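*Asks:* Let me begin by handing over the structure; questions about it come next.
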Amino acid sequence: MATQHQNPAFIGDDGETPNDTNTQTTPAIKVKPAKERDTWGKGIEFLLSCIAMSVGLGNVWRFPFTALENGGGAFLIPYLIVLFLIGKPIYYLEMIIGQFSSRGSVKVYDFCPAMRGVGVGQVVSISVVTTYYVAIMGMTVRYLFDSFKPILPWSICEESWNAACIASTNGNNNSFQNFTHSTDSQTPKSSAELYFLKEVLREKDSINDGIGLPNWELVLGLIIAWICIYLVIIRGVKSSGKASYFLAIFPYVIMGILLIRAVTLPGSIDGIIYFIKPNWGKILDPKVWYAAVTQCFYSLSVCFGNIIMYASYNKFTHNVHRDAIIVTSLDTCTSLLSGFTIFGILGNLAHEIGTTDIGSVVKGGTGLAFISYPDAISKFKNVPQIFAVLFFLMLFILGIGSIIAMTSCTVTSIRDHFPKIKQWQCALGIAIISFIIGLAYVTPGGQFILTLVDYFGASMVALVLGIIELYVLGWVYGVDRLCKDAEFMMNRKIGLYWRICWAVVTPLIMTMILIYFYATYTQLTYNDVPYPTWAYALGWTITSLGVLQVPIWMCVAIIRDPGTTLAEKIRGAFSPKPNWGPSDPLLREQYKKERDNDSFITKDSSIYGTIKKNICG
């Protein structure tokens with residue numbers, strides 16, 4: 001490929017050249033996207049959509065609790081290291097390959113048809129995640145409507161619960177009835193926790209006899225959530241791009257209000273200190289580093305295909321380097337702000353009930369959002385409904401921003417292969433099918449199924465396919481070639497930090513995490529309740545459905561290759577298709593000429609020579 005000075009100075013989204021070093025000697029070329037593919041209306045829409053996608057529910061409740069149980073402030077050290085060695089490199093890598101090819105998460109593997117199964121498996125995984133993610137949004141809708149009631153329903157005990165209950169309301173309001181049924185065999189629970197279990201989930205003790213029938217109130221929330229999603233993606237990036245202004249910015253307005261309120265509450269500082277206080281004894285624990293990797297992995301939504309899909313709608317010269325740095329940095333800052341807000345309020349909760357043990361008022365997982373926070377907010381002395389509405393509205397908007405990316409990834413993959421299907425038809429079909437599947441999560445056994453599907457359908461599949469993706473891009477396609485593609489696209493040199501991470505560090509760490517994952521594998525439980533045999537069979541079936549796409553599509557690619565011998569077919573299946581490159585025909589022709597003038601294959605075929613070529617260029 002030609003050197004930087006031989007590349008044209010492309011004009012970016014903002015009408016300026018990405019690099020002004022060549023503008024004196026080469027004419028500017030205005031790049032037009034392929035006619036058949038939409039593009040973002042403005043570059044800022046892509047950035048805001050990525051923010052809305054990456055900054056989601058995991059930042060609000062998963063990060064604070066994960067940090068707390070893995071060393072508090074000490075957890076931030078491995079998390080930031082992992083962010084720089086895994087999160088940022090993968091995010092930038094997927095942005096580059098998606099924008100360069102203008103292809104979705106499946107078609108992008110035209111650079112290596114044998115590995116198309118990675119993209120298919122990722123679409124399967126993200127489609128599975130979508131079904132239960134929207135179910136969580138259904139619960140958020142339920143709480144949002146409850147927040148408008150004169151008395152917050154989770155703040156008082158109900159006699160029908162027949163349980164040891166302590167009302168979550170502050171003690172100054174005598175209009176609240178407190179039904180407390182204490183027995184020697186029961187540990188009293190807050191009304192917020194019992195409300196979540198008895199009224200919202202109506203949870204079963206086990207699913208040995210089935211999962212039960214859907215809760216109609218949660219079904220209604222599920223319908224509302226899917227209607228909102230469908231209305232946003234009905235016209236593809238043309239509509240979701242416009243919605244990104246609201247979805248990315250408005251949650252920060254609410255978060256700012258809640259943060260100000262949190263830090264002004266009595267006892268809030270104790271909660272924040274409890275959150276960030278380092279437990280140095282855990283910093284060398286492998287489980288802490290594993291938790292840091294998984295949190296970074298899922299918080300940024302890397303290796304699910306979403307980033308590739310969003311970047312594929314960019315103009316060819318868009319500065320994705322800048323966007324990758326902004327999104328990954330903002331995601332981390334948002335997680336910290338969420339932690340300060342949540343634990344500031346939990347500190348106030350501990351202050352109100354007269355305990356210094358802040359950990360005793362914390363519930364993990366969904367409980368942090370649907371138990372601990374409602375429990376704390378119901379103790380606000382002045383109009384707690386306002387803060388309840390703000391919190392659950394923020395949760396809903398954050399969730400919608402992430403779900404739009406997930407659903408759009410599936411829609412894009414389908415329409416890339418079947419362009420005759422209209423956007424609204426594809427989106428409607430996915431919404432209906434996902435809604436039907438989502439009914440399983442709003443049953444009395446729904447949380448059992450949600451935990452099962454998240455573990456087998458998201459964690460396992462995404463980790464395996466993500467590692468394969470890194471090795472395919474870094475070693476089959478080649479980091480050197482990838483960097484030259486990025487240079488051709490953005491007229492920007494790729495630094496040594498990115499090369500080292502893509503070629504060695506990131507895939508190596510991910511591989512070690514996978515080995516640790518299986519070495520420490522234990523039987524999955526929910527609330528210490530083991531799953532029946534049929535549930536494990538369902539879980540491993542979901543995992544197989546995602547992972548086995550790789551060997552299946554590899555065989556298909558080899559069989560379809562026009563080579564005459566098996567060796568030729570294998571070589572052809574692992575080589576880029578003839579139409580690989582920029583979607584614009586003129587740019588693709590120029591790319592092929594410059595590629596033919598350069599040697600993409602190192603003359604030194606040894607392992608050392610290959611590594612040197614990938615890292616040093």
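*Asks:* Tally time: how many residues in the stretch 371-390 are assigned to a helix (DSSP H, G or I), touching a residue at least 60 places away in the same chain (Cβ under 8 Å) and closer than 9 Å to Thr169 by Cα?
*Replies:* 2
*Asks:* Hey, another quick one. Inside the stretch 537-585, can you point out the residues that are open to solvent by 80 Å² or more (accessible area, probe 1.4 Å) and within 30 Å of Val453 (Cβ to Cβ)?
*Replies:* Trp540, Thr541, Leu545, Leu548, Ile552
*Asks:* Only residues that are outside any helix (DSSP H, G or I) and either touching a Ser or Thr at 6+ places or on another chain (Cβ under 8 Å) or open to solvent by less than 10 Å² (accessible area, probe 1.4 Å) (or both): list them for the stretch 469-500, please. Even if it seems obvious, please write down each step before you answer.
*Replies:* Step one: of the stretch 469-500, the residues outside any helix (DSSP H, G or I) are 491-495.
Correct list: Asn491 only.
*Asks:* Checking the structure you have, find out if any residue of the stretch 261-268 is surrounded by fewer than 18 Cβ atoms within 10 Å (Cβ to Cβ), touching a residue at least 24 places away in the same chain (Cβ under 8 Å) and touching a Phe, Trp or Tyr at 6+ places or on another chain (Cβ under 9 Å).
*Replies:* Scanning the stretch 261-268, I find at least one residue that is surrounded by fewer than 18 Cβ atoms within 10 Å (Cβ to Cβ), touching a residue at least 24 places away in the same chain (Cβ under 8 Å) and touching a Phe, Trp or Tyr at 6+ places or on another chain (Cβ under 9 Å), so the answer is yes.
*Asks:* Among (1) of a type outside the set (D, E, K, R); (2) open to solvent by 10 Å² or more (accessible area, probe 1.4 Å); (3) more than 25 Å from Val120 (Cα to Cα); (4) modelled with pLDDT under 90, where does Val288 come up short?
*Replies:* Of everything listed in (1) of a type outside the set (D, E, K, R); (2) open to solvent by 10 Å² or more (accessible area, probe 1.4 Å); (3) more than 25 Å from Val120 (Cα to Cα); (4) modelled with pLDDT under 90, Val288 misses just condition (2).
*Asks:* Could you tell me how many of the residues in the stretch 343-357 are modelled with pLDDT under 75 and of a type in the set (A, V, I, L, M, F, W, C)?
*Replies:* The total comes to 1.
*Asks:* Residue pairs, Cβ under 9 Å, 6 or more apart or interchain, first in the stretch 482-504 and closer than 18 Å to Leu586 by Cα and charged (D, E, K, R), second open to solvent by less than 10 Å² (accessible area, probe 1.4 Å) and part of a loop (DSSP other than H, G, I, E, B). List them.
*Replies:* Asp485/Gly581; Glu487/Asn7
*Asks:* Exactly one condition in (1) at pLDDT 50 or above; (2) touching a strand residue (DSSP E or B) at 6+ places or on another chain (Cβ under 8 Å) is not met by Leu57; state its number.
*Replies:* If we test Leu57 against (1) at pLDDT 50 or above; (2) touching a strand residue (DSSP E or B) at 6+ places or on another chain (Cβ under 8 Å), just (2) comes out false.
*Asks:* Restricting attention to the stretch 567-581, does a residue exist that is on the phi > 0 side of the Ramachandran plot and of a type in the set (Gly, Ala, Ser)? I'd like the intermediate steps shown before the answer.
*Replies:* Residues of the stretch 567-581 on the phi > 0 side of the Ramachandran plot: 581.
With of a type in the set (Gly, Ala, Ser) added as a condition, the list becomes 581.
Among the residues of the stretch 567-581, at least one is on the phi > 0 side of the Ramachandran plot and of a type in the set (Gly, Ala, Ser), which makes the answer yes.
*Asks:* Looking at (1) crowded, with 23+ Cβ neighbours inside 10 Å; (2) closer than 21 Å to Ile500 by Cβ; (3) within 18 Å of the chain's Cα centre (by Cα), can you tell me which one Ile97 breaks?
*Replies:* Ile97 satisfies all of (1) crowded, with 23+ Cβ neighbours inside 10 Å; (2) closer than 21 Å to Ile500 by Cβ; (3) within 18 Å of the chain's Cα centre (by Cα) except (3).
*Asks:* Still on this structure, please answer the following. Among the numbered criteria (1) open to solvent by 60 Å² or more (accessible area, probe 1.4 Å); (2) within 14 Å of Ile51 (Cα to Cα); (3) among the small types (Gly, Ala, Ser), which single criterion is violated by Gly281?
*Replies:* Only one criterion is unmet by Gly281, namely (2).
*Asks:* Among residues belonging to the stretch 110-155 that are surrounded by 21 or more Cβ atoms within 10 Å (Cβ to Cβ) and part of a loop (DSSP other than H, G, I, E, B), point out the one that is farthest from the chain's Cα centre (by Cα).
*Replies:* Applying the filter and picking the extreme gives Leu152.
*Asks:* Going residue by residue through the stretch 46-54, is there one that turns out to be assigned to a helix (DSSP H, G or I), among the polar types (S, T, N, Q) and crowded, with 24+ Cβ neighbours inside 10 Å? Outline the logic, then answer.
*Replies:* At the first step, the residues of the stretch 46-54 found to be assigned to a helix (DSSP H, G or I) are 46-54.
Checking the rest, the ones that are also among the polar types (S, T, N, Q) come to 49, 54.
Checking the rest, the ones that are also crowded, with 24+ Cβ neighbours inside 10 Å come to 49, 54.
Scanning the stretch 46-54, I find at least one residue that is assigned to a helix (DSSP H, G or I), among the polar types (S, T, N, Q) and crowded, with 24+ Cβ neighbours inside 10 Å, so the answer is yes.
*Asks:* When you scan the stretch 532-554, do you find a residue that is within 25 Å of Gly474 (Cβ to Cβ), under 28 Å from the mean Cα position of the chain (by Cα) and not in a helix (DSSP H, G or I), even just one?
*Replies:* Pass one, the stretch 532-554, residues within 25 Å of Gly474 (Cβ to Cβ): 543, 546-554.
If we keep only those that are under 28 Å from the mean Cα position of the chain (by Cα) too, we end up with 543, 546-554.
Those still in the list that are not in a helix (DSSP H, G or I) too: 548.
Yes - at least one qualifying residue is present in the stretch 532-554.
Yes or no, residue by residue, for (1) open to solvent by 30 Å² or more (accessible area, probe 1.4 Å); (2) of a type in the set (Gly, Ala, Ser); (3) out of contact with any Gly (no Cβ under 9 Å at 6 or more places or on another chain):
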{"site": "Ile377", "(1), (2), (3)": "no, no, yes"}
{"site": "Asn382", "(1), (2), (3)": "yes, no, yes"}
{"site": "Phe387", "(1), (2), (3)": "yes, no, yes"}
{"site": "Ile404", "(1), (2), (3)": "no, no, yes"}
{"site": "Cys409", "(1), (2), (3)": "no, no, no"}
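*Asks:* Any idea how many residues of the stretch 333-357 are assigned to a helix (DSSP H, G or I), surrounded by fewer than 22 Cβ atoms within 10 Å (Cβ to Cβ) and of a type in the set (Val, Ile, Thr)?
*Replies:* 1
The values are calculated or read from the model by the stated rules, or taken from the named source; none is laboratory data. Note that the structure is a prediction, hence the values are computed from the model and not measured. Cβ atoms come from the backbone with ideal geometry, glycine included; neighbour counts cover every protein chain shown. To get the accessible areas, we keep the full protein, side chains included, count just its heavy atoms, and leave off ligands, DNA and RNA. Shrake-Rupley method; radii C 1.70, N 1.55, O 1.52, S 1.80 Å.
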